[in-house]
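Step one of this worksheet: look at the structure below.
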Amino acid sequence: MNKESGQLLDQGYCLLTPTTRLSRALQHQYALEQADQGRLAWQTPDILPWQGWLQRCWKEFVFTRQLDRVLLSTPQQLYLWSDIINRSPYGRRLLNRSQTARLAMQSWQLCHEWLIPIFPEGVYVHDDAHAFRLWSEEYRKICEQRDWVDQAGLATLLSMQHEFIPGPEKLALVGFDQLTPQQCQLLQRLAEQGCEIREVPLEQSNIETRAFAFRDNRTELYTAASWARTRLEENPGQRIGIVVNKLANLAHEIKNVFEDVLHPGTILDNAGMQSSCFSVSLGRPLSAFPMIVEALRILSLGRCSLELEEFSRLLRSPFIKASMQEGQCRAKFDAAIRKSCEAYVSRQQLQTLIERGKLSPDIVPAIFLETYLACGRLFANTDSRQSPSRWVQFFTQILELFAWPGERSLDSDEYQTLLEWQSSLDNLARLDLVSKDMTYQDALGQLRSLLASERFQPETREASIQILGINGAAGMQFDHLWIMNLHDNAWPGQEVPNAFIPIALQRDVGLPAASPGNFLVHASMLLKRLISSSPEVVLSYPEMEKDQVYQPSALIRQYLSGTSPDIPVFKSYANHLLGSKSIETLPDDQVRAIPEGVRLSGGTAIFKDQAACPFRAFARHRLATEGLKSPDIGLDALERGSIAHAVVEQFWRETGSLENLLQLTATQLEQVVDAVVKRIVKRYQQQLPFTFTDRFTDIECNRLKLLLVELAELEKKRQAFTVSECELKHIFMINDIEIITRIDRVDQLKDGRLVVIDYKTGSIVPNASAWLGERPDEPQLPLYAINSDGDVAAVAFLKLRRGEIKFSGLSDDENVLPGIKSINGSKLARESVKDWPDLLIQWRTMLDSLAGDFRHGIARVDPKDNTTCTRIRCDLHSFCRIYEKQKDSITDGEKE
């Protein structure tokens with residue numbers, strides 16, 4: 001705080017600032033000065049932002065004049081604008097009415113601040129301006145009829161009051177770059193009535209200004225952070241400013257870089273950030289804070305169903321009842337319902353799954369489930385339309401049911417967030433004044449809108465390093481200042497004129513955005529003010545970002561230095577560790593072998609995974625690791641294949657043999673197909689009620705009927721057979737591993753030999769090569785073939801896809817299956833197999849080898865080929881870190 005500001009406060013002046021941040025900064029500096037003078041207590045200084053001072057004036061005016069007029073809050077004003085626009089003819093043609101209402105309210109504010117009439121005769125009014133004029137007239141009439149006061153016109157209303165001077169009668173303006181005509185009008189009227197008004201000039205403290213270019217944004221950020229650290233270490237009591245043009249675009253990266261340079265220990269202990277030496281002055285929408293996100297998720301339970309991903313996040317939320325007590329149980333429940341539910345979850349569906357035993361009682365979170373069901377009963381017993389304040393009470397009741405925001409102690413940021421949430425609920429309740437009764441979803445929509453528009457940043461201890469945007473730095477003073485991102489494409493940049501106000505009127509009053517010339521003058525003034533706010537100023541810009549090449553802004557070229565900045569750049573914590581010692585490499589290709597005599601059990605997936613990638617087999621079958629399922633809308637490939645399998649299985653249980661199939665007339669076949677499809681689809685309808693709507697059911701039934709008819713025509717071309725097995729479970733022993741498998745179908749030929757069939761519903765069906773080699777893609781049929789008690793004549797895939805139904809495989813002789821040659825006629829087989837018995841021997845050797853590798857702990861991250869991970873849709877990438885390994889291999893190759 002400069003000397004003059006302190007003296008004015010002591011003389012009883014009220015200091016007015018353009019921003020809340022500057023008011024807080026001045027209050028903090030005043031407190032430090034009082035403490036330095038040895039005072040233990042002092043009177044709170046009268047320092048207010050302009051808008052806060054206006055509202056105080058209004059309260060004083062209403063109290064002294066005994067008026068009963070209401071000053072509308074911003075949410076109340078926005079609701080009125082939305083309502084007016086929604087009811088207007090223009091509003092019906094709009095795609096985004098809420099955003100239009102916000103823009104219209106901003107335009108109304110701008111017209112009042114700059115004393116722009118809406119709109120005089122003789123001014124060209126385009127369609128958007130004409131709509132805005134009609135909306136404005138309706139808004140003004142409503143406010144006049146109900147004796148409401150609008151915030152945009154508050155300064156004008158106060159300036160029209162005679163013999164009213166708000167206390168104190170001394171005002172000092174600090175940090176205003178430019179006063180609007182409305183502000184000038186009010187201040188002039190107060191001066192005429194005897195109020196003392198002073199404008200405090202900013203101290204011109206600049207001694208040195210330099211400008212530098214950096215390779216890119218990241219280099220610029222690391223250098224600025226290192227510079228700030230150096231200055232702070234030189235004198236910990238200094239005020240250091242980092243002003244970032246377009247701060248919102250870089251905020252996340254800025255926070256990461258400054259943490260890395262100034263607080264490298266936070267990578268190990270995030271609690272250290274509670275005492276951070278820097279702060280980023282950029283609020284986020286209140287709706288983006290985790291605690292608020294969970295509150296809105298709870299309130300979304302008013303719908304009959306909830307997206308599975310949303311339900312999953314709520315289930316695992318730390319902000320609800322018994323989150324710690326049931327944490328593990330809820331995680332298991334989440335994994336289970338992802339396998340059993342659709343893309344949406346309902347209360348009825350969960351109850352059905354539990355009652356039918358689809359979900360194990362051991363993993364059902366009793367407290368959560370009871371709360372979830374009780375929530376449904378609350379919704380069922382509430383009125384469909386209520387006032388906003390009544391809905392606020394209901395929202396609170398729902399949140400209390402879930403014990404939101406949780407049972408743990410809140411930290412400072414969370415506590416402040418909770419207070420802001422309560423403030424937003426109060427704002428929603430105050431909509432009673434301007435709204436009618438509304439539905440639950442309308443009330444929730446209003447709350448979401450309020451939270452999204454409210455930018456919030458928890459207050460923290462005043463940090464030594466302040467990171468601000470261009471406008472946020474208004475009136476601030478620093479000991480050292482760095483202004484960055486000043487390339488020609490960002491500074492002064494482009495400002496879009498207001499869409500609802502005729503451009504001629506904007507130019508007449510000199511709005512900065514009205515023309516490039518106006519904005520250039522405005523930008524020059526801002527930069528000049530910033531440069532004058534610190535003895536040492538560094539300006540910088542990136543020369544390149546991605547594929548964009550930048551030049552310095554024309555406004556900083558005069559400060560460019562031909563030399564590089566003499567600033568020591570601190571290493572990141574990761575680079576510091578990397579360079580501290582040589583990296584030790586430990587082989588992890590093999591894990592502990594399974595002890596002798598210990599039996600394992602599993603399906604044929606053990607062999608399939610061991611062949612595809614040994615690490616996948618180890619992770620899935622010894623560690624029981626698998627990714628979480630993410631259900632799609634509609635049927636996914638697995639569900640569609642499951643239904644097709646079930647339909648074909650039921651069809652052959654009904655017919656039983658080729659002889660019975662051939663005896664069916666066309667009408668009889670149609671009746672069998674129709675009955676089979678309806679029976680299977682009905683079963684899936686009960687399991688997947690959201691997917692199987694009436695229309696979807698009709699489409700799926702028609703698809704399956706056509707599929708069965710086409711399959712029947714192919715099967716009629718075969719030699720006589722009887723279906724001996726359908727989805728029958730088998731247990732085989734391979735190298736002390738008990739393998740449990742189900743073969744889709746086994747047919748017995750007239751001579752007693754067997755045909756083993758595996759259904760495939762994908763667009764690409766493997767050929768015979770999937771069974772050959774040391775690492776086969778599909779080991780299930782070879783496993784059955786070498787362990788069958790009968791004589792296997794053929795193994796085949798049957799593609800179940802309309803228009804593409806066919807057999808693909810290997811057989812002992814010709815004509816066993818349509819389209820399949822004998823092994824002697826197969827080119828693939830002839831290259832590595834002599835005859836059918838030799839093939840069976842190779843299969844046994846291959847399966848024994850895979851089982852042995854699995855038992856001995858061979859667990860290399862070694863996909864069979866470059867397409868394996870994608871082809872088998874592996875979900876273990878973050879576990880095996882294959883992409884890191886591939887990246888390291890590429891890097892090593894480049895070094896060589």
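Derivation of every value follows stated rules applied to the coordinates shown; laboratory data play no part. Predicted, not measured: the structure shown is a model, and the values here were computed from it. When we count neighbours, we look across all protein chains shown, and the Cβ atoms used for this are built from the backbone with ideal geometry, even at glycine.
Look at the Cα gyration tensor of the stretch 546-673: its axes a ≥ b ≥ c give a/c of at least 1.5 with a/b at or below b/c, and that counts as oblate. Residues in the stretch 149-159 carry Karplus couplings, in order, of 10, 8, 5, 4, x, 5, 4, 5, 4, 5, 5 Hz; the curve used is 6.51 cos²θ - 1.76 cosθ + 1.60 with θ = phi - 60°, and Gly or Pro positions show x.
Quick one: length gained pulling Ser389 to Asn660 fully straight, 0.36 nm per residue minus the C-alpha distance? Length difference between fully extended and current span is 90.4 nm.
Under a 5 Å amide H to amide H cut-off, with H placed in plane at 1.01 Å, what residues pair with Val243 once short-range neighbours are removed? Placed amide hydrogens put Leu468, Trp482, Ile483, Met484 under 5 Å from Val243. Bridgeable lysines around Lys321 (alpha carbons under 27 Å apart, same-chain partners fewer than 8 residues away excluded): Lys332, Lys339, Lys358, Lys629.
Mind ordering 396-405, 117-126 by average Cβ neighbours within 10 Å, highest first? Please list the in-between numbers first.
Working: 396-405: 17.6, 117-126: 12.2.
With the highest mean Cβ count within 10 Å placed first, the list reads 396-405, 117-126.
Under the simplified labelling scheme, the Gln7-Asp835 pair shows an inter-label distance of 11.6 nm, with each label point 7 Å from Cα along Cα→Cβ. Based solely on its DSSP helices, what 222 nm [θ] is calculated for the chain when runs of n ≥ 4 H residues each add -39,500 (n - 2.57) and the sum is averaged over all residues, nearest 500 deg cm²/dmol? Mean residue ellipticity at 222 nm (helix-derived): -14500 deg cm²/dmol. Amide H contacts for Asp758 (H built 1.01 Å from N in the peptide plane; partners 5 or more residues away or on another chain; cut-off under 5 Å): Ala796, Phe797, Leu798.
For each of Arg284, Arg844, Arg616, count neighbouring Cβ atoms within 10 Å of the residue's Cβ, then give the residues from fewest to most.
If I rank by nearby Cβ atoms, fewest first, I get Arg284, Arg844, Arg616.
Working note: Karplus 6.51/-1.76/1.60 with θ = phi - 60° gives the stretch 668-679 the couplings 5, 4, 4, 5, 5, 4, 4, 5, 5, 5, 4, 5 Hz, where Gly and Pro are set to x.
The residues packed around Leu94, meaning those with a beta-carbon under 15 Å from its beta-carbon, carry a net charge of +2 if Lys and Arg are +1 and Asp and Glu are -1. The distance between label points at Ile872 and Glu545 comes to 4.3 nm (points 7 Å beyond Cα on the Cα→Cβ vector).
The stretch between Asp589 and Val709 holds 38.2 nm of extra length on full extension. This uses 0.36 nm per residue minus the Cα-Cα distance. A protection proxy built from the mean count of other Cβ atoms within 10 Å ranks the segments 255-265, 617-627, most packed first, as 255-265, 617-627.
For Glu725, the amide hydrogen comes within under 5 Å of the amide hydrogens of Val746, counting only partners 5 or more places away or on other chains and with H modelled in the peptide plane. When you restrict to C-alpha pairs under 8 Å that are six or more residues apart and normalise by the size of the chain, the relative contact order lands at 13 percent. Sort out for me the Cα centre separation of the stretch 653-691 from the stretch 453-487, rounded to whole Å. Distance between centres, Cα-based: 71 Å. Taking a ≥ b ≥ c as the square roots of the eigenvalues of the Cα gyration tensor of the chain, is the shape rounded (a/c under 1.5), prolate (a/b larger than b/c) or oblate? In terms of gyration-tensor shape, prolate.
Sort Lys682, Lys799 so the one with the fewest other Cβ atoms within 10 Å of its own Cβ comes first.
Values: Lys682 12, Lys799 19.
Fewest-to-most ranking of Lys682, Lys799: Lys682, Lys799.
Placing a pseudo-label 7 Å from each Cα along the Cα-to-Cβ vector at Asp862 and Glu196 gives an inter-label distance of 8.9 nm.
Residue pairs exceeding 26 angstrom between C-alpha atoms, taken from Lys716/Lys750; Lys682/Lys760; Lys717/Lys821; Lys678/Lys750; Lys717/Lys760; Lys729/Lys799: Lys678/Lys750. When you count the other C-beta atoms within 10 angstrom of each residue and take the mean per peptide, 63-73, 525-535, 587-597 line up highest first as 525-535, 63-73, 587-597. For the pair Glu814 and Glu355, a Förster radius of 60 Å applied to the C-beta separation gives a FRET efficiency near 0.65, rounded to the nearest 0.05. Each Lys or Arg adds one and each Asp or Glu subtracts one; over the other residues with Cβ under 10 Å from the Cβ of Ala473, this totals +2. In terms of its C-alpha gyration tensor, the stretch 637-794 comes out oblate, because a/c is 1.5 or above while a/b does not outweigh b/c.
All other residues whose Cβ lies under 12 angstrom from that of Arg297 are scored, Lys and Arg at +1 and Asp and Glu at -1, for a net of 0.
How much length would be gained if the chain were fully extended between Thr439 and Arg65, taking 0.36 nm per residue of separation minus their Cα-Cα distance, in nm to one decimal? Mind dumping the intermediate values first?
Details: separation 374, 0.36 × 374 = 134.64 nm, distance 3.91 nm.
Here the answer is 130.7 nm.
Calculate the length of the line joining the C-alpha centroid of the stretch 748-790 to that of the stretch 346-410, in whole Å. So the two Cα centres are separated by 50 Å. Computed from backbone phi, the HN-Hα couplings of the stretch 740-755 come to 9, 9, 10, 8, 4, 6, 10, 9, 10, 6, 4, 8, x, 6, 10, 10 Hz, rounded to whole numbers (Karplus: 6.51 cos²θ - 1.76 cosθ + 1.60, θ = phi - 60°; Gly and Pro given as x).
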